[in-house]
Structure formats: C-alpha cells, structure tokens
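Each remark here refers to the structure printed beneath this line.
The values are calculated or read from the model by the stated rules, or taken from the named source; none is laboratory data. This structure is a prediction, so every number in the text was calculated from the model and none was measured. Glycine gets a Cβ as well: all are built from the backbone with ideal geometry, and neighbour counts include every protein chain shown.
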Amino acid sequence: MTPRTKQSWTALSDIGRVRTHNEDSVLAQPPLFVVADGLGGHEAGEVASAIAVETLRDHAPRRPDAKALARAVKAANREVIRAAREGYGKAGMGTTMTAAIVEGNRIVLAHVGDSRAYLLHAGSLQQLTEDHSMVADMIRRGQLTEAEARYHPNRSVITRALGTDPNMIADTYEVEADSGDRLLLCSDGLTGMLEDAAIAEMLGGYRDPTIAARTLIDAANDAGGHDNISVVIVDIEGDGSARAGASVDASGARAGRGWLAVIGWLLLFTLIVGGIGVGSYRYAQSRAFVTSETSAPGPSKYNAAPVTTVVVYRGVPGSFANLAWNWRSEVTTIDVMLLSPAEQARLAQKITVASMADADALVAQLRATAEEKLRSQQPSTAPGFAPSTESSAAVPTP
Ligand code: MN
C-alpha cells in the first residue's frame with residue numbers, strides 16, 4: 001500500500017505575456033506525455049493542437065513502441081486535416097507535436113515541428129529531437145549559427161507540421177535513459193526565450209518537477225514571454241518496472257531478486273489483515289474520480305491568470321488510515337470556464353466513477369462540451385478572450 005508518492009512528472013502550459021490566448025496543448029497521462037504548439041491563429045491553433053493531442057491519446061500505444069507511436073501521430077495528422085476540411089477550426093490550421101512514451105528508463109519519442117525533447121543527464125542537457133524549421137535547416141547547411149537563428153526573422157517558420165500534408169511522417173527516437181535523468185518536452189515559447197544553459201540549470205535545480213517547470217515558465221516570461229510556454233517534465237525512475245507516474249506499485253517496484261520473499265510476505269500480510277486492507281486498496285485502485293484543479297500560481301509577478309482544468313484521479317477521494325488512496329492520473333487542458341456552472345460545481349465536488357474507462361469517457365464528454373463552447377464563441381469576443389478566472393467565484397470550493 002503506497003500513499004500518494006512524490007509527483008514524478010508535471011505538465012504546465014502558460015499563455016505568456018504577449019499572446020491573448022494559448023494555442024499550445026499539453027497532456028500528461030503516463031506513460032504518454034505530449035506537447036503540441038498550434039498554428040494558424042485564434043480559433044485555429046488551439047483547435048488543431050487539441051484535436052491532435054486528443055487523437056494521439058486515443059491511438060497511442062501503452063508500451064514504448066516507436067512505430068505504433070508514429071502511427072498514432074499519423075492518425076492525429078489525418079484528424080487535424082479532416083477537421084479543417086469539415087469547417088472545424090480554420091483551413092490551414094496546424095500543430096507541432098512532440099510525444100513521449102516513458103516506461104522505466106525507456107523513452108520513445110515521435111516528433112514533428114519545432115517543439116523539443118531534451119534529456120538532462122548528470123547535469124548536462126542534450127537535445128533529443130531535431131527541429132523541423134527553416135532556421136534549423138540553415139544551421140545544418142552552415143548558413144546560420146545557433147546564436148543568429150535566435151533572432152532570425154523566419155525563426156518561427158516550420159517545415160513540417162500536422163494538418164497540412166496527408167503523407168507527413170514523424171521522426172522517431174528511442175532513448176535508454178538512466179535513473180535520475182529528467183525528460184523535458186517544451187514548446188518554442190520556452191526555447192525561444194531561454195538559452196539551453198539556463199534551461200539546464202533550472203531543470204536540474206529543483207527536485208520537484210512542478211517547481212522546476214514553474215521556474216522555467218517564470219524565466220521565459222521574465223525574458224519577454226513572447227509566445228505560449230509549455231513545459232512537461234518526467235523524472236526517469238529507471239528499474240524498468242516502475243511507471244513514470246505518481247502511482248507506484250510498491251510490490252512491483254521492490255520485486256526482483258527477492259520477489260519470492262516479497263510474495264511470501266504479501267501472502268502473510270494478506271492473512272494477517274484478513275484481506276481487508278489489500279481488498280480496499282485494490283478497490284481504490286479500480287475506482288476513479290474526476291475533478292478540477294487550478295494551476296498553482298508561482299512566485300513571479302508575471303504569471304498569467306491561473307487556469308482551472310479538469311483532472312483525473314485513480315482511486316477514491318479523501319484519505320483512509322492517514323493515507324490518500326488516490327493517484328493523479330491526468331491533468332487535461334480542458335478549461336472548466338468553458339463548461340456549464342452545473343458541470344463546474346459537480347467537478348469541484350469531485351465526480352466519482354466506477355473505473356478509469358468511465359473517467360476517460362466523462363473527460364471525452366467534457367472535452368466535447370468545452371470545444372463546442374469554444375467554437376460557438378464568435379470572433380467579436382476574440383480580441384480580449386483568454387482563459388479567465390473571473391467567474392470562478394461561482395464555483396463552490398471543495
Ligand atoms: Mn509557439
């Protein structure tokens with residue numbers, strides 16, 4: 001029985017200081033982690049990145065299988081193209097996508113565009129992905145230096161994206177990381193504002209991935225915050241059995257050489273407690289609930305308004321025997337402000353469901369409602385529109 005362990009991954013997205021809306025989408029649903037940076041402007045970029053992430057999530061493998069992950073990215077590409085053709089979003093909308101499946105110390109990546117994956121190993125930062133951008137091509141041809149690229153007028157022109165070419169193929173990478181390494185997925189709103197050396201220092205400077213992510217976002221905002229900033233951090237746990245998630249099965253994690261002893265001990269334990277504890281634990285693990293959480297405001301005076309999004313937990317709300325029997329499973333990008341006051345209130349009080357599958361179904365339904373609301377918001381409201389917490393007073397606190 002494991003209490004809620006130290007969070008070993010995080011996913012944050014920030015509007016930045018210049019843009020009026022956030023076109024990035026992020027997903028952290030272990031073993032899958034994704035950053036997508038939408039292109040095409042308001043009512044297009046965020047639609048493209050959201051469709052891409054949602055489709056990827058539905059098609060991604062549960063294991064680190066690079067070919068299957070690349071196929072899922074192709075499905076996401078087709079879906080963005082189809083949506084634009086059907087008048088959902090705008091013609092010409094597109095998105096980058098950098099997706100990772102993490103299992104133990106194995107990482108597979110599928111990548112399109114200029115969002116990036118980095119690995120921090122022993123204090124040094126290695127860029128895992130190659131940008132599909134005009135300036136990256138010029139650097140490869142020796143026509144431009146990294147430093148010049150940073151200020152090049154065409155620095156944001158990308159040469160490959162989801163949503164344009166039906167035959168698009170994602171680059172894939174397979175990485176064997178070490179325990180203690182840190183994986184970073186980010187949009188160009190981070191790398192356009194901060195040098196790799198600064199990213200390395202902040203990424204490695206905090207044990208808590210959420211604090212590291214928040215520090216990186218604050219620094220990008222302090223440097224100007226010219227674009228939306230998305231940061232996903234995953235701590236690599238290493239032994240091949242632990243999932244890169246907030247939930248760690250203690251028996252699984254400690255198995256290995258002494259597994260017979262562990263099983264024996266567990267049998268004895270089961271006899272002693274009459275199965276009650278273990279049964280309750282199993283029960284908790286089979287259940288799920290859906291609620292809303294507000295992204296924690298960081299120390300910077302430049303923070304955008306915190307956004308409250310839909311969050312999924314495995315387990316049951318509350319605690320028992322001083323242990324929280326729930327494990328955060330997914331932080332979605334669904335802004336609760338796009339849902340009805342009734343739905344917001346239900347979420348605030350936690351919606352308990354029978355299984356993770358039911359939780360997924362509920363999230364899909366909420367996402368559809370939010371997207372419908374987003375589509376119905378006419379351009380007249382566009383200039384000032386940004387995720388706002390103004391009406392959050394209407395939401396009862398749990
Ligand atoms: Mn961007």
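Restrict the check to the stretch 136-159 and report whether at least one residue is in contact with a Gly (Cβ under 8 Å, 6 or more places away or on another chain), among the aliphatic types (A, V, I, L, M) and within 16 Å of the ligand (Cβ to nearest atom).
Yes; the residues of the stretch 136-159 include at least one that is in contact with a Gly (Cβ under 8 Å, 6 or more places away or on another chain), among the aliphatic types (A, V, I, L, M) and within 16 Å of the ligand (Cβ to nearest atom).
Considering only the stretch 4-57, state which residues are on the phi > 0 side of the Ramachandran plot and at pLDDT 95 or above. If you could, list the steps in order and put the result at the bottom.
Let us first name the residues in the stretch 4-57 that are on the phi > 0 side of the Ramachandran plot, namely 16, 40-41, 43.
Residue satisfying the conditions is Gly16 alone.
Can you tell me which condition Met193 does not meet? The list is (1) touching a Ser or Thr at 6+ places or on another chain (Cβ under 9 Å); (2) farther than 21 Å from Pro61 by Cβ; (3) surrounded by 23 or more Cβ atoms within 10 Å (Cβ to Cβ), and all the others hold.
So the condition that Met193 fails would be (1).
Which of the numbered conditions does Asp114 fail, given that it passes all the others? Conditions: (1) in a loop (DSSP other than H, G, I, E, B); (2) modelled with pLDDT of 95 or more; (3) away from the ligand (no atom under 16 Å from the Cβ).
If we test Asp114 against (1) in a loop (DSSP other than H, G, I, E, B); (2) modelled with pLDDT of 95 or more; (3) away from the ligand (no atom under 16 Å from the Cβ), just (3) comes out false.
Please verify whether Val102 is within 30 Å of Arg207 (Cβ to Cβ), away from the ligand (no atom under 16 Å from the Cβ) and outside any loop (DSSP other than H, G, I, E, B), treating the condition exactly as stated.
yes
Out of curiosity, is Leu184 in a strand (DSSP E or B), within 14 Å of Leu125 (Cβ to Cβ) and out of contact with any Asp or Glu (no Cβ under 8 Å at 6 or more places or on another chain)?
Spelling it out, Leu184 is indeed in a strand (DSSP E or B), within 14 Å of Leu125 (Cβ to Cβ) and out of contact with any Asp or Glu (no Cβ under 8 Å at 6 or more places or on another chain).
Being at pLDDT below 80, closer than 30 Å to Asp222 by Cβ, touching a helix residue (DSSP H, G or I) at 6+ places or on another chain (Cβ under 8 Å) and surrounded by 15 or more Cβ atoms within 10 Å (Cβ to Cβ) narrows it down to one residue among Pro387, Pro299, Pro306; which is it?
Pro387
Collect the residues in the stretch 29-39 that are surrounded by fewer than 24 Cβ atoms within 10 Å (Cβ to Cβ), more than 10 Å from the ligand (Cβ to nearest atom) and among the hydrophobic types (A, V, I, L, M, F, W, C), keeping them in residue-number order. Give the derivation first.
Here is the first cut: in the stretch 29-39, the ones surrounded by fewer than 24 Cβ atoms within 10 Å (Cβ to Cβ) are 29-32, 39.
If we keep only those that are more than 10 Å from the ligand (Cβ to nearest atom) as well, we get 29-32.
Correct list: Leu32 only.
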